[in-house]
Each structure stands twice: as C-alpha cells, then as structure tokens.
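Peer 1: Could you have a look at this structure, given as structure tokens, before my questions?
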Amino acid sequence: MTTRQIKKRELKDWLQGYAFLAPSFIFLAVFTYFPVLYAFVLSFWRWRVMRGEPTFIGLGNYEFLFTSEDFWQAMWNTFYFAGGSIPTGMAIALVIALMLNRPLRGLAIYRTAYFLPTITSLVAVSVVWLWIYHPDVGLANYLLNLVGLPSVRWLNEPRSAMPALIILGIWRGLGYNVIIYLAGLQNIPQHLYEAAKIDGANRWQLFRHVTWPLLTPTSFFILIIAVINSFQSFTQIHVMTQGGPIGSTTVIVYYLYQQAFQQFTMGYGSAIAMVLFAMILVLTIIQMKVLGPRVHYQ
Amino acid sequence: MLKKISNLPIHLILVIGALAMVMPYVWMIATSLKSQSQMLTYPPQWLPTEFVWQNYARAWQAAPFAKYFFNSIVVALAVTLGDLITGALAAYAFARIKFPGRDAFFALYLASMMIPHQMTIIPSYLVLAKFGEWNKAFGLDTYFALIAPFLASAFGVFLLRQSFLQIPNELEDAATLDGCGRLGFLWRIVVPLSRPALATLALFAFMGNWNGYLWPLIVTNSNEMRTVQIGLRYFVGQEGASQWGLLMAAAVFVSLPVVILYLIVQKQFVQGIAATGIKQ
C-alpha cells in the first residue's frame, strides 16, 4: 500500500470511530454532561420556576444550605440510615455467605430466597412493608407481641420510623451483599486453607487469618457501594413516610426532591445536588484509590 | 471439613433466614386473597378463610393498570434496545477502531459512571421542559421524556467493550478481505459472539428501568403517562391505605414480571452481579 492509501484508510477509521461513538455520546452529552455543568451553574442562582426570572446570588444557596436546620437534619437522617443499615447488613450477609460457600443441598433455593427482595420493585416492597408496619393489625407488631414485647407505632412515630426503614433496608440489600461476598470467597485460593490446616489451624483461626484478611477488598467494595446506594435512597421514603413524621425520615435526596419538585426552587435544589455529588465523589475516589477502577466493571 | 456433622445447624440457620426473607411475600399474597373483614382481625391469620380472587380484578380496574403496564413495557423495551444499540456501537469503537481522542472519550465515559442520577434530574427536567416548548412530543410527560435520558449507558459500553476485546483481530481481517464493512462485521460476527454480555446488559437495562422510580415520578403528571411503579404509588394514595387486599394484589402484579424474569434467568443475573458489581 502506498502512504496515500494508508492515510485514506486512517481517515476512514477516524470517521467511523466518531460515527460509532456519536449515538451514545449525544445522549450522554444532553442528559449527563450538560446537566452536570448546568447543575453547577444553577447552584449559584436563585430561581423559583414560574415565579420570575433567575437571579445570580453567588454562594447564597450554599450559605443558606449550610445554615439551614432542615439540611442538617436531612444529613443526620442520611447518615443515621447508612449507619443503621450497613454494618448490620454486611455482618449478616457475611455469615450467610460463609454458610452458603460449601456444597449444600438446596443451595439454589436459598440463593433464590435471599436474593428475591433485591430484584423486586421497591415500590411494591414498600407497599408490603407499609402493611407489615401497620400500627394496629400489622405483622411486625404481631411478631413482637408473640415474644412478649409491646407494640411499636413504627412509621407513625419519629423515634421508630427510621429504625423501621433500616430493617427494610437490611432485608432488601442482603441478597446483593451475599452475592458479592460469595464471589469474594470463591476467589480465595483453596491451597491457602490446606496450608493453614497442615499448620494445625482450627476453624476460627482459618477464618481469622485466611478468610477475613483476603476478604478485605470485598468488604471494602460492599461498604462503599452500600454507602453510595444508601445516600441515594428515595423510593421507600416517598412511598412510606414522605419524609415524616416531623422530618424524621427526610434524607438528602428526599430533601432535594421537596425543594426542587415541590417548592420548585431549582437553584437551591441544585446546591443540594452538588453536596450529594461531592459526598459520593469522595467515596468513589477513595474506592478507586484503594481498589483500582477495574472492580467497577471487570 | 467435617461436612456431615456441621451441615445440620447450618441448614437450620439458613432456613430461618430464608423464611424471614420470604415472609413479606407470603404475607403479601395471603393478604391479597383475604376479605376486608378478615384482614383487619387481630391477631392476624396467615391463611385466607375464603379466597377472594376478586381483589385482583378490582385492583386492576380501580386504576388504569393496563395503561401503566403498557407504558412500562414500551419504555423498558425502548431503553433496553437503545442501550444495546448505542452501547454496541460505542463499545466497538473503543475496542477495535483507532481514532484520535479515543482515550479521552473513554475517560469521559468512565467519569459519567461516577455521576449520581439525582444530580442530573433538575437540569434534565429543565432541558425537557425547554424541548416541550419547541415540540410537545419531546417535552415533559411524554414517552420521550421517560426514555431518552437512559438511551446511552456508560456501564453498558464498558461491559460490551470487555467482551468485544476478546474477539481475535484475525476474524476482522478475514471479514474485511471478504468485503465485509465494519457495521456488517459488528452485526454478523461481533454481536453473535458476544451474546452473553449483550444478554447481561439487556437484563439489567430492562429490570432497572422497569423498577425505576424517581425520574418517572418527576417527569410524568398525567395518568396516561405513568409507569406501573408510579401508578402503584398513586394507587396507595388513592386507596388511602385502607383497602389492603387491593393494594397487596396490585403489589403482586406490579412486581410479578421482574420476579418471573429473575426466576428464569437467575443464574445469568447472579453471575452478572458478581462479575460487574452493578446494583440495578
């Protein structure tokens, strides 16, 4: 081939490359890249849709945000939800995964049962749990009464509403965590256990000195993903409590929704979105620094 | 190690755990078949004394669920198909074509996976409102609004790229010699060879979209455009959380399609999650 032919072929490659990229890039540009920039810009403006034109207010939204009691309560609720559901959920998931990580009869049935909640529509699940948490004739109170405990008003009381959502969160997230833990367990080379057993390690020592350290990256991955996901919780709150009672379940995304799509304060809503983004970005960067970017999709 | 002895207590714990996981489903189905009076007795009874199948028919008719299902199916299928097409094209470009700026674009796609959906909803909403001023069919409360933001998924591009990279270059060289163009090669060789990855992407796209909530909640406001999830939410409000038999019946049929799909393709689903770490 002559140089001109090669040049021509290269040019064709270039054009085809861009053409193949174009469809996805256009949609990403319109509905991801542009919105990110737009949200950033909007967060410096005061704008109530249908109530006049936007006004530039600099850091006004952020000042208001960081001095707003509602915002700090939403932050507290967000962390309360994450802290209440994640460590317990991970511990239970690890125990279940350790038990499932062996040739067992009925393994497929167990897996189906544990994973079912994760794939079920969260709205449907929330409606069912709304019924389970019914203060008078609900299943949850019935089970409490069975073991001699008094009834709880669950979603109707600020003190118990968040714990109710935490229980639901653990139940729903368990299957996902079990699957990731199982994948992690299966990556531990068998010969390490054999070597440790030859050295006379008992089962606890096997877990403590082989399984646990080798599972650290898996645990870390689950932790970060779980925190990111819990920061984004919205559906069950919108279906079950609408952020109440008295704001006790208004998490950050629900607060964003209220401000942007009920009050229509788009600038202030964008400032909340930027804070959420910053929180998730920090977590993502930590994850990539520690585990490398490949775990995402590899 | 000590398998015979240790399995019994393990089964015991796993069974108790599995029962706890499944109990809400049993409760949902049992309630969906109970009469209104039996439902409100205390202590609750597990089994319906008479099976009130009517609850399902009444729930289906109490709100336009047929329309909600139609909307959800249209939207989820369109998004799935769109993700496959835009994803396959981009993945092919990233995996097998050399062009300037490829790495920069790749990094840009990677970066888009770090952006939480909640961050883009306000601007996306405003963008669609603007589109609607030019042409109603592309504005809020349309199929376009429900579908368009999800027609490209960076996750899908990565998933397919991994798979496309495995295809040997010799195949492409041979196909080129036979006069096969890039699109032809993609369609006739790459796609059939990457079926597992494409199936995984289709599965996640469909399920994720079927179960999607925040976005359809924001962009729909007429009953005609609501998806099943939003329809169910409004049904709860409409029934004032008292007709529990109807609500549970509706919860059953709204969750059923994805549950059935999951039961059929369970293995691929679990492997997909284990391999990619994706959650919905």
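Please treat every number below as a calculation from the coordinates, not as lab data. Owing to the predicted nature of the structure, the values given are computational and were not obtained by experimental measurement. Positions of Cβ are backbone-derived with ideal geometry, glycine not excepted, and every protein chain shown enters the neighbour counts.
Peer 1: Compute from the Cα atoms of region A:3-42 the Rg and the Dmax, the latter being the longest Cα-Cα distance, and quote both in angstrom.
Peer 2: 16.1, 51
Peer 1: With a ≥ b ≥ c taken as the square roots of the eigenvalues of the C-alpha gyration tensor of chain B, please select rounded if a/c is under 1.5 and otherwise prolate if a/b is larger than b/c or oblate if it is not? Could the numbers behind the result be given before it?
Peer 2: On the way: a/c = 2.60, a/b = 1.45, b/c = 1.80.
It comes out oblate by the Cα gyration axes.
Peer 1: Scan chain B and note any complete DSSP helix (H) whose C-alpha atoms cover at least 20 Å along its axis and whose Kyte-Doolittle average is 1.6 or more.
Peer 2: Details: long enough: B:3-32 (42 Å, 1.29); B:65-96 (45 Å, 1.29); B:117-134 (25 Å, 0.42); B:195-210 (22 Å, 0.91); B:244-264 (29 Å, 2.38).
Correct list, ordered by number: B:244-264.
Peer 1: What net charge do the residues around B:Phe94 carry, taking every other residue with its C-beta under 14 Å from that of B:Phe94, with Lys and Arg at +1 and Asp and Glu at -1? List each step's numbers first, then the result.
Peer 2: Values: positive: B:Arg96, B:Lys98, B:Arg102, B:Arg161, B:Arg182; negative: A:Asp13, B:Asp103.
After counting each charged neighbour, the total is +3.
Peer 1: So which trypsin sites (Lys or Arg not before Pro) in region B:64-123 pass both tests, a DSSP loop state and at most 14 other Cβ atoms within 10 Å of the Cβ? Please report the intermediate quantities before stating the final value.
Peer 2: Values: sites: B:Lys67, B:Arg96, B:Lys98, B:Arg102; in loops: B:Lys98.
Passing sites in region B:64-123 are B:Lys98.
Peer 1: Please give the FRET efficiency for A:Asn156 paired with B:Leu19, using the beta carbon to beta carbon distance and R0 = 35 Å, rounded to the nearest 0.05.
Peer 2: Values: r = 27 Å, r/R0 = 0.78.
Working from the Cβ atoms, E equals 0.80.
Peer 1: Another question, if that's okay. Inside 10 Å of the C-beta atoms of B:14-22, what's the mean count of C-beta atoms belonging to other chains? Each step should come with its number before you reach the end.
Peer 2: Values: counts 11, 4, 0, 9, 9, 1, 4, 13, 5.
For peptide B:14-22, the averaged partner shielding equals 6.
Peer 1: State, to one decimal in nm, how far the label point of B:Leu12 lies from the label point of A:Lys12, with both points 7 Å from Cα in the Cβ direction.
Peer 2: 7.3 nm
Peer 1: For the protein assembly as shown, what does the helix formula give at 222 nm: sum of -39500 (n - 2.57) over DSSP H segments with n ≥ 4, over the residue count, nearest 500 deg cm²/dmol?
Peer 2: Working: 29 runs with 409 residues, N = 578.
The per-residue figure over the protein assembly as shown is -23000 deg cm²/dmol.
Peer 1: Separation between the B:Asp103 and A:Leu206 pseudo-spin-labels, each 7 Å from Cα along Cα→Cβ, expressed in nm?
Peer 2: It is 4.6 nm.
Peer 1: Can you tell me the mean projection area, over all orientations, of the convex hull of the protein assembly as shown's alpha carbons? Units nm², please. The partial results should precede the final answer.
Peer 2: On the way: hull surface 128.3 nm².
Hull-based average projected area comes out at 32.1 nm².
Peer 1: Could you work out how far apart the two model spin labels at A:Ile109 and A:Leu291 are, taking each label as a point 7 Å from the Cα in the direction of the beta carbon, and quote it in nm?
Peer 2: 3.3 nm
Peer 1: Then there is this: Can you give the Kirkwood hydrodynamic radius for region A:109-261, in Å, rounded to one decimal and based on Cα pairs? Don't jump to the answer; show the numbers that get you there.
Peer 2: Working: mean 1/r = 0.0550 Å⁻¹.
Roughly 18.2 Å, rounded to one decimal.
Peer 1: Additional query: Which whole-percent values make up P(r) of chain A when all C-alpha to C-alpha distances are grouped in 5 Å steps starting at zero?
Peer 2: 1, 5, 8, 11, 12, 13, 12, 11, 9, 7, 5, 4, 2, 1, 0, 0, 0, 0
Peer 1: Let me ask something else about it. What is the extension gain from A:Ala19 to A:Ala195, computed as 0.36 nm multiplied by their sequence separation minus the C-alpha to C-alpha distance, in nm to one decimal? Present the calculation step by step, with values, prior to reporting the outcome.
Peer 2: Working: separation 176, 0.36 × 176 = 63.36 nm, distance 5.50 nm.
Contour length minus the Cα-Cα distance gives 57.9 nm.
Peer 1: What's the average, rounded to a whole number, of partner chain beta-carbon atoms within 10 Å of each residue's beta-carbon in A:133-139? Let's see the in-between values first.
Peer 2: Details: counts 0, 6, 0, 2, 7, 3, 9.
For peptide A:133-139, the averaged partner shielding equals 4.
Peer 1: While we're looking at this one, here's another question. Can you give the FRET efficiency to the nearest 0.05 for A:Glu53 and B:Ile73, using r as the Cβ-Cβ distance and R₀ = 56 Å? Provide the component values of the computation, followed by the final result.
Peer 2: Details: r = 41 Å, r/R0 = 0.73.
Efficiency, rounded to the nearest 0.05: 0.85.
Peer 1: Scan chain B and report its longest stretch carrying no chymotrypsin sites (Phe, Trp or Tyr not before Pro) that are both in a DSSP loop and have at most 14 other Cβ atoms within 10 Å. Please report the intermediate quantities before stating the final value.
Peer 2: Details: sites that count: B:Trp46, B:Phe51, B:Trp53.
Value returned for the longest uninterrupted segment is B:54-280.
Peer 1: List, in order, the whole-Hz ³J(HN,Hα) value for each residue of region A:54-63 obtained from phi through the Karplus relation with A = 6.51, B = -1.76, C = 1.60 and θ = phi - 60°; use x for Gly and Pro.
Peer 2: x, 10, 6, 10, x, 8, x, 4, 5, 4
Peer 1: Once fully extended, how much extra length lies between B:Ser35 and B:Thr176, figured as 0.36 nm per residue of separation less the alpha-carbon to alpha-carbon distance? Please report the intermediate quantities before stating the final value.
Peer 2: On the way: separation 141, 0.36 × 141 = 50.76 nm, distance 6.80 nm.
Contour length minus the Cα-Cα distance gives 44.0 nm.
Peer 1: Which three semi-axes in whole Å describe the equivalent ellipsoid of region A:11-105, each the square root of 5 times a Cα gyration tensor eigenvalue, listed largest first? Walk me through the numbers before you get to the answer.
Peer 2: Values: eigenvalues 319, 233, 18 Å².
With the √(5λ) rule applied to region A:11-105, the semi-axes are 40, 34, 9 Å.
Peer 1: In the calculated pair distance distribution of region B:75-226, what percentage of Cα-Cα distances lie above 21 Å? Working shown, then result.
Peer 2: Working: 6017 of 11476 pairs.
More than 21 Å apart: 52 percent of the Cα pairs in region B:75-226.
Peer 1: So, in Å, what gap is there between the alpha-carbon centers of region A:58-108 and region B:217-253?
Peer 2: Value for the Cα centre distance between the two parts: 27 Å.
Peer 1: Would you mind pulling out the separation of the Cα centroids of region B:1-71 and region A:195-255, in Å?
Peer 2: Cα centroid of region B:1-71 versus Cα centroid of region A:195-255: 27 Å apart.
Peer 1: What residue among A:Gln287, A:Gln16, A:Gln190 has the largest mean-square fluctuation in a Gaussian network model of chain A, using Cα springs under 10 Å?
Peer 2: Among A:Gln287, A:Gln16, A:Gln190, the largest mean-square fluctuation in the Gaussian network model of chain A belongs to A:Gln16.
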